[in-house]
Each structure stands twice: as C-alpha cells, then as structure tokens.
1. If r is the Cβ-Cβ distance from B:His67 to A:Tyr93 and R0 is 25 Å, what FRET efficiency results, to the nearest 0.05?
2. So how do B:His173, B:His56 line up by other beta-carbon neighbours within 10 Å, fewest first?
3. Run through the range B:88-182 and list the trypsin sites (Lys or Arg not before Pro) located in a DSSP loop whose Cβ has at most 13 other Cβ atoms within 10 Å.
4. In terms of modelled amide H atoms, which long-range or inter-chain residues lie less than 5 Å from the amide H of A:Ile172?
5. When ranked by the protection proxy of mean other Cβ atoms within 10 Å per residue, highest first, what sequence do the peptides A:143-152, A:108-117 form?
6. Taking amide H positions as placed 1.01 Å from N in the peptide plane, with prolines and chain starts having none, which residues 5 or more places from A:Ser52, or on another chain, fall under 5 Å of its amide H?
7. Say each of B:Trp96 and A:Ile18 gets a label point 7 Å from the Cα, pointing the same way as Cα to Cβ; how far apart are those two points in nm?
8. Describe numerically, in nm with one decimal, the distance between label points set 7 Å from Cα along Cα→Cβ at A:Ser149 and at B:His201.
Amino acid sequence: MFLKKVYQQWRAFFWAIIIALAAQFFFMAKGIENVPFFIYSMYSYAHQPQDSFNVILVKTQGGYLNPYQLSGRESEMLMNNISYFSKMKKLAYQDYITPTVERRFKNKLPINTYNFVERGLVNNHLQFSKYTGWWKRYLATVYKNPFDSVMVVSAYIQYQPEFSKSPVDSVIFTCYFK
Amino acid sequence: MAETKAYYPRKMMASLVFGWLFLILVYFFSTNSLLSQLQAPVLISPQSDNTYWMLHIFRIPQWLLQHYGVSLAFDIILTVSCITCIFVPDQRFFTWITVAGVWLLYICYCSAAGKHYAQIGYLLAPIPFLALRNYKFDFLWDGLRYWVCFLYVGAGIFKLYYGGFASPDNMSHILEQMNADWFIFNSKGMQADTIRYLIDHPGISQWLFRLACLADLSLLVGFFTKKFDKWLLFALVIFHLGNLLLLHISFIEQSLIFAPFLPWQRLAIYFHSTHSND
C-alpha cells in the first residue's frame, strides 16, 4: 500500500527504496555490513559455554580502574581498541587487514595507486608506536584524577566453581605520567 | 505534483527531532566523545565495511581525527547547524550539513574506537527533514518508520535463523561474557544479584532472550497498521532498557529511533492548544 502510493506520487523515491532493499538483502545474505545497510544480527548466534573469559583491565597503584564509572562512549573509546592493539602487538604490529587489502588490490592497481590505498586502510608501525601516547592522553581526559603510572593488563575471569579473577595479570603496556 | 495536505506536522517535528539530536550532541560533549575531544586517535579500524574503506582511502576520517583545528571546526559547524535546524526548519542547507555531519562523526568515532556500533537512531531520524514539500516529507517519515520496523524484525529473524532463540542457555552465556569484567567492580546490589540469578538459571534467562526476540518480531505489526505504535514504542523502550540493565548497552544514541512511533498528530494538537491558550 505504502509502496503503491510512493510509486504513484514520487517515482524517484520508489526506485530508491527498491535499490535500498535490494542492497540491504544482498549485504544481509553476504553477512557483510556496509554503512548505511546495517545488519542487526548481534547476539543471534547460539553462544557456546566457555570456561573462562578474557578481560582487559587498567591497573593503578590504588587498584583496578572501574570503566563502568565512565559513560558508555568514554569506556568504549578507552577500552575497546586495546584488544585490537594487543592483537596487532602479537602479530609484530602487522595490521590484520593487510592480507585483505593485498587480495583485493595488489597487482590489480598501478603500484602508486596501490600504495595510496594501502596507506589509507592499514595501520603502520608509526601509528602503533604512537598508540600508547594517545591512550594516555585520552585516559587523562576522561579520568580527572592524576596518576603516576598505569598498567594495561589482560586477565581471565572464571564463573565456576565460583566467580574469580586469575591471580596473575599479563601486561599489555604501561604508561608513565610523571 | 500538486501539494497535498500534510499528514505530519513537519515544522514541529523538525524542532523536536533536532532538539533531541542537539541533546545527544550535548551528551557526546559531556562524555568527551566529540571529534575534537578524542585527543587525535592514531589507530583506524575500517574492518570489512566498504563505506569505511572508501572514506579511509581518501583519508577523510584520518584528516578529521588528526587535526585539532579541523575537528574543532567540524564539531562547531555540526552543533550550530543542528541548532539552526531547530529554529529554522524550512531549509535544506543546514539539514544536509547536520545529516552529513552525524554520519561522519559516527564513522570517525567507530573507526577510532575499533568497533562499528549499531546505535544508529541519531543517524536515521534527521534524514526525512531533507524533504521540504509536505507529501515528500510524509513519505520519507513513513519510510523511516518502515525501515526501523524492518531492522528490528530482521534482528528477530536472525535470532531464529542462527539458533539463538532455540538454544537452551544462550542468554546465560551472553550474560557471563558481557558481565565478566563488570562483576569485578559490581559484586553487590540488586542489579548484580539479578544478573547472577539469571546466569545461574539459564532456563529463565533464555525465556528473557525469547521475549526480546518476540519484541523484535512484534514490529512486524508496524508494516500493516499504525494503531499499535504506542505498544511498539513500549516494546522498544523495554527492550533497550533490558539491554542497558543486563548488558550495559547505553541507548542514548539509539533513542531517536523511537521517534517514528510517537503520536505526532496528537502532540501537534496539544502544542497548538497550549500556544492558543497562551
């Protein structure tokens, strides 16, 4: 009914809807999100039971910082990219997207164009080397309290036999403020 | 095309929707998440999204994120445009700037944070105001409403298709994962007790998951009638409140997705009579 009315009164919008729907179904079938065609499939899969869960924590001299005291946006900006950085650190700072970029563009584009594309999509060593400096600045912005130093660590959480955190933390990086 | 009588009160809606968007931008400002407040993030994360790829190849997010002067100018222009749209709804120039601005802000933020978020209410709701003619705006606003219904019904279908709905203990595992670090800091209190109870009772938590799936699927009704919009709105609000309390997923950015289900004609009558009495 709606589409019929649109077709009769605003033909261009009708075709825009048809194209948008086709694109949405295409990307849904492919399972690849392409803004603005969002795919709301989060939490759809049956999650498998896990013995332990990896968590990232910020350790200070006064204990662990509670990221839930921050707003959702602050804690997301502060904490989410650490796991990405940590993953890249394990890969000797080779961005995991590099093979995809190579597969899509290498030997298909002139070398200069390929280099331009690659530099736009792939994080390089210089960016990784600047990461902890950026992270420190953003931490100082969102937490007004001054710190002498903080350690970003990874740990494990277990729910069985009772809720507990692994006694040993694995250090990802350390920031010194003074 | 002869101009037909407007179904929706566009001017009043523009003021309220852009006012709402302005409050979201104020929230971003107060939580250090406007571009100029991000301290020039160095890592980017375009992932596999082609739109992100295109913008990153041309260095647009990098340019906006890396230059303080540029990001500050961006934030100021976006905010001023949004305020202009509140008070001058019958124009297209500032609406375009606002729409383009919030989409760029979203892409830059997600790229820097390393995760592409699904909180998109504030991206979608301003789009219909790009139309100035009544019948075009009505179609776009209805189109937005159908698109929101489509997104949530799609989410419900995904939960059925990928097995989350049929699983006996999916929600319990999701709660364990999403609350692993939260429990370190919040071991006591009603919220912690409730989450712990749901983890320990997978059958009950799984029925909550199924209820959430049914809430998603209930938006199917929205394709056929607007009569139940207040109930659909109620289902959406409860769904997002549940996400907030159990999974700590904030929905302030997503809140504008509720706008298509508000009774705009009744609000217009109310505001009109209030102003007449004044």
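1. Details: r = 24 Å, r/R0 = 0.97.
That pair, B:His67 with A:Tyr93, gives E of 0.55.
2. Numbers: B:His173 19, B:His56 22.
Listed from fewest to most nearby Cβ atoms, that is B:His173, B:His56.
3. Working: sites: B:Arg92, B:Lys115, B:Arg133, B:Lys136, B:Arg145, B:Lys159; in loops: B:Arg92, B:Lys115, B:Arg133.
Loop-located and lightly packed - B:Arg92.
4. Amide H to amide H, under 5 Å and 5 or more residues apart or across chains, A:Ile172 pairs with A:Val152, A:Val153, A:Ser154.
5. On the way: A:143-152: 14.2, A:108-117: 12.3.
Highest to lowest by the protection proxy: A:143-152, A:108-117.
6. Here the answer is none, since no amide H 5 or more places off falls under 5 Å of that of A:Ser52.
7. Output for this residue pair reads 2.7 nm.
8. 4.8
A short reminder: the numbers here are calculations on the coordinates, not readings from a lab. This one's a predicted model, so the numbers in the text were calculated from it and none came from an experiment. Virtual Cβ from ideal backbone geometry, glycine too; neighbours counted across all protein chains shown.
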